[in-house]
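Report on one structure; see the data block that follows.
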């Protein structure tokens, strides 16, 4: 059985709650820009990877803030729930970024790793 090798952009998509091949919601250009911005802020790979996720989640979170709930026929979508869920995911990645940037609990090697 051979292992599937994902690109950094595919891992990024999955980590923010998207399908690995969802280039509509997160095009490669947008993912590449997030990595570029993150690397400008953080020199180490672990922190830059976490920061890229925070950057993308902040963008998704901002878009969710402008979404509205709607009902059509028997179908209802609660955009406010998406906003709440992305807020929790953003908090999670901000904590991971903090840990990576601090090198874990007080120093040493960063404990965040994208697998």
| task | Report whether or not residue 61 is under 19 Å from residue 25 (Cβ atoms), in a helix (DSSP H, G or I) and modelled with pLDDT of 90 or more. | result | no
| Looking at segment 31-55, which of its residues are free of Cβ contacts under 8 Å to residues at least 24 places away in the same chain and under 15 Å from residue 92 (Cα atoms)? | 55
| request: Scan segment 83-101 and give yes if some residue there is in a helix (DSSP H, G or I), in contact with a strand residue (DSSP E or B) (Cβ under 9 Å, 6 or more places away or on another chain) and at pLDDT below 90, otherwise no. | output: no
| query | Do the conditions hold for residue 28, that is, is it free of Cβ contacts under 8 Å to residues at least 12 places away in the same chain and at negative phi? | reply | no
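The values are calculated or read from the model by the stated rules, or taken from the named source; none is laboratory data. Please read these numbers as outputs of a predicted model, since none were measured by experiment. Cβ sites come from the backbone with ideal geometry, for glycine too, and all protein chains shown count toward neighbours.
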